[in-house]
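Enquirer: Dropping the structure in here first, questions after.
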Amino acid sequence: MLLSMRWIIILLLLSAAVEAKVITEIFYNPSGEDNNFEYVEVKLNNLSGYSISDLASSDNLTLISYYEGNFSLIIEEGFNHSGISASIYSAGAAIGNNLNNDYDVLFLKDRNGTIIDVAYYHSDMGGNGNNKSLCAMDFSFIECDRNPGSEGETRNFTIKINEFLPDPEGDDAVNEWIELYNYGYEILDLEGVALIDNSGKEIFISSVNTNDTIIGPNGYLVVRMNNFSGFLNNEDFEKITLNGIDEVSYSGSREGLSWARFGEIWEKSVPSPGKENEQKSLDTKIKFGNLDLGRDKTARFGETIYVRFEVFRGDTTKKAVKVYIKGNQTVSKISSLNLDNRFVKNEFNLPVQIKDNCDKKFKAGNYFIVIEGLNEEIRKPIDVLNNKDCKEVEEIVATTNANKTVNLESGLSEKHLNTITGSVVYEATDVKAERAGIYFFCISLILLLIYLALSG
């Protein structure tokens, strides 16, 4: 079981109070037997009168061998320290009450009993039975290759926080994420690297919350919260620290928008997890395409035309888009659809049925095709001519009713084209009468043939 949040905050405060990180490496869980193999590296070469303690016990340090260098190694009795260029100090049979394999806290005290450094670790940071150590990175530790007595184990991580989504649409705890970017030239393994929020909560990078802990040059790594709630605040001040490597602070957020880095400037943006940030407009845009007026290239009362247009639903809660034709009065039925996804460009080809005007209620002439919705409205002029044939008509809706609201499915991409088509078919009464006469003649002929066959 990990330490309580209260303990973590206290330890962070203690760590911040010391002038510099003195404990630089912890080898707490060797692969195999722990006794006589564990050690703690300290960036001081003289620990005379010093003591080291964990949460259970304290040990006074005894000099084994002195080395004129920068480091000392605190070891257990029986540890093989040959070939190590550092001062060697023994803590006795065990360091503290043995270095715990789950978690532990180490306190290094000088000869006056003053705490000069505090080191907190747990197994999620790495170094757990894989023959690797934990190395100091500012106020935390990361997994590293063992290198006792040398400064080379502290790695230079070319990683920065690049984007994060604090208030996603839907469940925050499930859908929140933080994106990291490697601006260097080396492949890095971020296993065990910690993300820490302003309250002291920690998330450790692992295969549980990201697809791969490895991040290559110019690569991105997305760390998801995976039901870890309360990490990214939506409204109040928040600060996110990447294991002392990088940090970012913000206040406030907007649902569905990320905070993205552009140079040294942070802006609310369209989320782009796992790829380069792109400064897109958050405004809604509607744009006309070509009109489909049929073979005669005209629009007439009683006909159906097709209106092609593009829609980019920006940062708005509105969803509905309507298309119709009007002048002083509306002279068509209203075709409508709903856009469920924001920040996605879609293309539509929507049928608009012009009223038949057989009662001469409207005048032929100049009208406008109107597209309205999402707090926007655009118009395009169109000439509507009189009907060619104003005999009684019967509407047969083939595929799409012009008054039907079409709900778009989620998951559309920017490259995806949604084309909505439909047609309204008209059939005059004289055509129907002609077809009925043919049917009657055929039936009569069949009955006559049957009669002749039976009578013969």
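Just so you know, all these numbers are worked out from the coordinates, no wet-lab data involved. Quantities reported herein were computed from a predicted structural model and do not represent experimental measurements. Note that we place each Cβ from the backbone using ideal geometry, even for glycine, and neighbour counts take in every protein chain shown.
Enquirer: Under 5 Å between amide hydrogens, which residues at least 5 positions from Met137 or on another chain qualify, with H placed 1.01 Å from N in the peptide plane?
Expert: Ile142
Enquirer: Seen from all sides and averaged, what is the projected area of the convex hull of the Cα atoms in region 159-269, in nm²?
Expert: Averaged projected hull area, Cα only: 6.3 nm².
Enquirer: Here's something else I'd like to know. Within region 123-215, list the GluC sites (Glu not before Pro) lying in a DSSP loop whose Cβ has at most 15 other Cβ atoms in a 10 Å radius.
Expert: When the GluC sites (Glu not before Pro) of region 123-215 are filtered for loop state and at most 15 Cβ neighbours within 10 Å, Glu169, Glu186 remain.
Enquirer: Ok, one more. Work through the residues other than Tyr89 whose Cβ is under 12 Å from its Cβ and net out their charges, Lys, Arg +1 and Asp, Glu -1.
Expert: Every neighbour counted, the sum reads -4.
Enquirer: Please give the charge dipole size of region 159-269, origin at the Cα centre, charges +1 on K and R Cβ atoms and -1 on D and E Cβ atoms. Round to the nearest 20 debye.
Expert: Dipole about the Cα centre, nearest 20: 160 debye.
Enquirer: Calculate the FRET efficiency for Asn45 and Asn97 from the Cβ-Cβ distance with a Förster distance of 22 Å, rounded to the nearest 0.05.
Expert: 0.25
Enquirer: Count charges around Glu376 for me, please; just the other residues with Cβ under 13 Å from its Cβ, Lys/Arg as +1, Asp/Glu as -1.
Expert: Cβ neighbours under 13 Å give a net charge of +2.
Enquirer: Moving to a separate point now. Name the long-range amide H neighbours of Leu44: under 5 Å, sequence gap of 5 or more, or other chain; modelled H, no Pro or chain starts.
Expert: Amide H to amide H, under 5 Å and 5 or more residues apart or across chains, Leu44 pairs with Ser72.
Enquirer: HN-Hα J couplings of region 316-323 from phi, Karplus 6.51/-1.76/1.60, θ = phi - 60°, integer Hz, Gly and Pro as x?
Expert: Once θ is set to phi - 60°, the couplings for region 316-323 become 9, 8, 5, 10, 7, 10, 10, 10 Hz.
Enquirer: Using a 7 Å offset from the Cα along the Cα-to-Cβ direction at both Glu186 and Asn290, what is the distance between the two label points in nm, to one decimal?
Expert: 5.7
Enquirer: Multiply the residue separation of Asn375 and Asn198 by 0.36 nm, subtract the distance between their alpha-carbon atoms, and state the gained length in nm to one decimal.
Expert: Extra length from Asn375 to Asn198 when fully extended: 59.9 nm.
Enquirer: Explain nothing, just the number: dipole magnitude of region 5-153 about its Cα centre with +1 on each Lys and Arg Cβ and -1 on each Asp and Glu Cβ, in debye rounded to the nearest 20.
Expert: Charge dipole of region 5-153: 320 debye, to the nearest 20.
Enquirer: If you don't mind, another one. Report the extension gain between Phe237 and Lys280 in nm, rounded to one decimal, defined as 0.36 nm multiplied by the number of residues separating them, less their alpha carbon distance.
Expert: Net length gain for the segment: 12.9 nm.
Enquirer: Could you list Thr284, Thr62 in order of exposure, starting from the residue whose Cβ has the fewest other Cβ atoms within 10 Å?
Expert: Placing the least packed residue first, the sequence is Thr62, Thr284.
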